[in-house]
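Visitor: Here it is, the structure, as structure tokens.
The values are calculated or read from the model by the stated rules, or taken from the named source; none is laboratory data. All figures in this text were calculated on a predicted structure; none of them were measured in a lab. All Cβ positions, even for glycine, are placed from backbone atoms using ideal geometry, and neighbour counts span all protein chains on display. SASA here: full protein model, heavy atoms, side chains in, ligands and nucleic acids out. Shrake-Rupley method; radii C 1.70, N 1.55, O 1.52, S 1.80 Å.
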Amino acid sequence: MKKYILASSSPRRKELLQHIVDAFEIIVPDVDENIDKPDPEKLVLDLSRLKAEAISKDFEQKDAIIIAADTIVVHDDKVLGKPKDYDEAFETLEHLSGVSHFVYTGVCIKYNETDIRFCEKTKVHFRELSDEEIKTYIETMKPYDKAGSYGIQESDFCIELEGLYSNVMGLPIERIQERLAYFEALPAMPKFWKDFIGLSPRATEKIEATEKKIAAILAEKAAAGITCYPPRKQIYRALELCSPEELKVVIIGQDPYHGDGQAEGLAFSVAEGNKLQPSLRNIFKELIRDNYGELANDANSQDAHTRTGGAGATATHTTSATATHARSATASNDADASKKVMNIDLSQLPTSGSLVPWTKQGVLLLNRTLTVEAHRPLSHQKIGWQEITGAIVSSISEHAEHIVFVLWGGHAQELEELIDSEKHLIIKSSHPSPLSARRGFEGSHPFSQINAYLLAIGKAPINWRLPSNPTLF
């Protein structure tokens, strides 16, 4: 659990932060707030940064998320800070009576060497205030610690507001929460996978270091208002849905779908309610061509099992037997392969692109890159994810037995050198993308190859049929 620090003595900021952070420490920075900057936005941004840096430096806070803020009120291009005395508070409220003003809050969220800074602006319109009202308010509430000489939560002066109410109170928690979602550590990798990878200590160390780096990068993206997919909670979803003990097949993808609401944390899979993406449509077409991975009869699978000497046979023999099945399956269809490629009954395609049912049978749908920026494919290809997914694949190769690795396209096939082909079956072809599917993917029969191999080693085959379309049953 991350440690949080609020760099403020304000009871209002403390109250607001409690809505989004369960526990935090308060440390008040020693900062000179008398900065001469005509631009109100730059002023609050600089002051919030100075406060956060003071806490980080003076108190040597490591691995803590520091939240600092500064708020000012601006009317007629004049900054209205905290009043020095009664007369200044009275004069300020007199100026604000019956007119609109703006509240600026600068926020700095600092974590080690990375910081997010942003400014939130809210327009506030006061009703007409009588001198007696102003006098009573100042004497009762003593607003000498409040920019603009008032607290919106303790008065009824405001009759119209454009923007965040919390911003006028001094801490725009809605915006802070958006940024903390990615600034905080990535969602935890499932413990069963962490323990499995932990069998290789170097891989564990590499993953933990890279996760910190990626978290900082995603925080910077969030601070800049850049949307990333999938939702934060689904980043490790592929690992959550398929444990190492259940693992039979690993299908490697490139990166998540980059359209709004499409990605769901599984390679090639699209969230319910989204149309099928081109690559997934081609996968489904190949699934139909391959008779949904179902073998024509049990003879082929029994023959393969016999020739490998049963489930305990070596991976080399198992791979050879499966390859024999694949070659015979391909040869039987060579004559009319082009017809089958072209003449797919599209009414048989599943209406849903969610591949969750596959994951529940031991199919790990792992993208090489686990996040992407909206509408920018491969935008996160070089931020570190490939080191993590490479370590996962390497650990599977080393510590698991008789796994099928499906490598479609060049990005996936870069992982081949990490896989022990003496222990596991590797199936590879071109990518199912419309740009490359005809260069080897179409007619490759990967699903029946997988099931023949699984039967040969004594494991249950995968039911590739999806429940989204009754015609598939």
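Visitor: Could we say that Ile134 is among the hydrophobic types (A, V, I, L, M, F, W, C), closer than 24 Å to Asp39 by Cα and either outside any strand (DSSP E or B) or open to solvent by less than 10 Å² (accessible area, probe 1.4 Å) (or both) here? Give the derivation first.
Guide: Values: among the hydrophobic types (A, V, I, L, M, F, W, C): yes; closer than 24 Å to Asp39 by Cα: no; either outside any strand (DSSP E or B) or open to solvent by less than 10 Å² (accessible area, probe 1.4 Å) (or both): yes.
So Ile134 fails the test.
Visitor: Pairs please, first residue from the range 395-408 and free of Cβ contacts under 8 Å to residues at least 40 places away in the same chain, second anywhere and assigned to a helix (DSSP H, G or I), Cβ atoms under 7 Å, 6+ apart in sequence or on different chains.
Guide: Ser397/Leu418
Visitor: Could you pull out the residue among Val74, Val21, Val79 that is open to solvent by less than 20 Å² (accessible area, probe 1.4 Å) and under 27 Å from Glu160 (Cβ atoms)?
Guide: Details: Val21 fails: under 27 Å from Glu160 (Cβ atoms); Val79 fails: open to solvent by less than 20 Å² (accessible area, probe 1.4 Å).
None of the others qualify; the one that does is Val74.
Visitor: A follow-up question, please. For the list (1) over 25 Å from Ile27 (Cα atoms); (2) open to solvent by 30 Å² or more (accessible area, probe 1.4 Å); (3) out of contact with any His (no Cβ under 8 Å at 6 or more places or on another chain), I need the number of the one condition that Lys62 fails.
Guide: Among (1) over 25 Å from Ile27 (Cα atoms); (2) open to solvent by 30 Å² or more (accessible area, probe 1.4 Å); (3) out of contact with any His (no Cβ under 8 Å at 6 or more places or on another chain), Lys62 violates only (1).
Visitor: Applying the selection to the range 141-153, what residues are assigned to a helix (DSSP H, G or I), within 39 Å of the chain's Cα centre (by Cα) and surrounded by fewer than 23 Cβ atoms within 10 Å (Cβ to Cβ)? Write out each step before concluding.
Guide: Within the range 141-153, the subset assigned to a helix (DSSP H, G or I) is 141, 147-149, 152-153.
Checking the rest, the ones that are also within 39 Å of the chain's Cα centre (by Cα) come to 147, 152-153.
If the condition is that a residue be assigned to a helix (DSSP H, G or I), within 39 Å of the chain's Cα centre (by Cα) and surrounded by fewer than 23 Cβ atoms within 10 Å (Cβ to Cβ), then Ile152, Gln153 are the ones that fit.
Visitor: Restricting to the range 388-407, count the residues that are under 12 Å from Val250 (Cα atoms) and open to solvent by less than 20 Å² (accessible area, probe 1.4 Å).
Guide: 11
Visitor: Condition test on Leu180, is it part of a helix (DSSP H, G or I), among the aliphatic types (A, V, I, L, M) and crowded, with 19+ Cβ neighbours inside 10 Å? Please lay out each step first, then the result.
Guide: Numbers: part of a helix (DSSP H, G or I): yes; among the aliphatic types (A, V, I, L, M): yes; crowded, with 19+ Cβ neighbours inside 10 Å: yes.
Considered against the rule, which asks whether it is part of a helix (DSSP H, G or I), among the aliphatic types (A, V, I, L, M) and crowded, with 19+ Cβ neighbours inside 10 Å, Leu180 comes out as yes.
Visitor: Among the residues in the range 212-234, are any open to solvent by less than 40 Å² (accessible area, probe 1.4 Å), modelled with pLDDT under 85 and charged (D, E, K, R)?
Guide: The answer is no, given that none of the residues of the range 212-234 is open to solvent by less than 40 Å² (accessible area, probe 1.4 Å), modelled with pLDDT under 85 and charged (D, E, K, R).
For every residue, the table says whether it meets (1) touching a residue at least 40 places away in the same chain (Cβ under 8 Å); (2) part of a loop (DSSP other than H, G, I, E, B); (3) of a type outside the set (Asp, Glu).
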| position | (1), (2), (3) |
| --- | --- |
| Val74 | no, no, yes |
| Pro83 | yes, yes, yes |
| His95 | no, no, yes |
| Val107 | yes, no, yes |
| Asp115 | yes, no, no |
| Glu128 | no, yes, no |
| Ile138 | yes, no, yes |
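Visitor: What number of residues within the range 140-150 are at negative phi and in contact (Cβ under 8 Å) with a residue 24 or more places away in the chain? Explain how you work it out, then say what you get.
Guide: At the first step, the residues of the range 140-150 found to be at negative phi are 140-141, 143-147, 150.
With the extra rule that they be in contact (Cβ under 8 Å) with a residue 24 or more places away in the chain, the set shrinks to 143-147, 150.
Residues meeting the conditions: 6.
Visitor: Hey, any hits in the range 41-58 for a residue that's closer than 24 Å to Leu186 by Cα, at pLDDT below 90 and not in a loop (DSSP other than H, G, I, E, B)?
Guide: For the range 41-58, residues closer than 24 Å to Leu186 by Cα, at pLDDT below 90 and not in a loop (DSSP other than H, G, I, E, B): present.
Visitor: Any chance the range 99-110 includes a residue that's more than 30 Å from Glu220 (Cα to Cα) and open to solvent by 50 Å² or more (accessible area, probe 1.4 Å)? Quick ask: steps written out before the conclusion?
Guide: Residues of the range 99-110 that are more than 30 Å from Glu220 (Cα to Cα), as a first pass: 99-101.
Filter once more, so that each one left must be open to solvent by 50 Å² or more (accessible area, probe 1.4 Å): none.
Taking every residue of the range 99-110 in turn, none turns out to be more than 30 Å from Glu220 (Cα to Cα) and open to solvent by 50 Å² or more (accessible area, probe 1.4 Å).
Visitor: I'd like to check something: does the range 380-387 contain any residue that is over 19 Å from Leu266 (Cα atoms) and either of a type in the set (Lys, Arg) or out of contact with any helix residue (DSSP H, G or I) (no Cβ under 6 Å at 6 or more places or on another chain) (or both)?
Guide: yes
Residue-by-condition table, conditions (1) among the β-branched types (Val, Ile, Thr); (2) in contact with a Pro (Cβ under 9 Å, 6 or more places away or on another chain):
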| site | (1), (2) |
| --- | --- |
| Ala68 | no, yes |
| Gly81 | no, no |
| Lys84 | no, no |
| Phe90 | no, yes |
| Thr105 | yes, yes |
| Thr114 | yes, no |
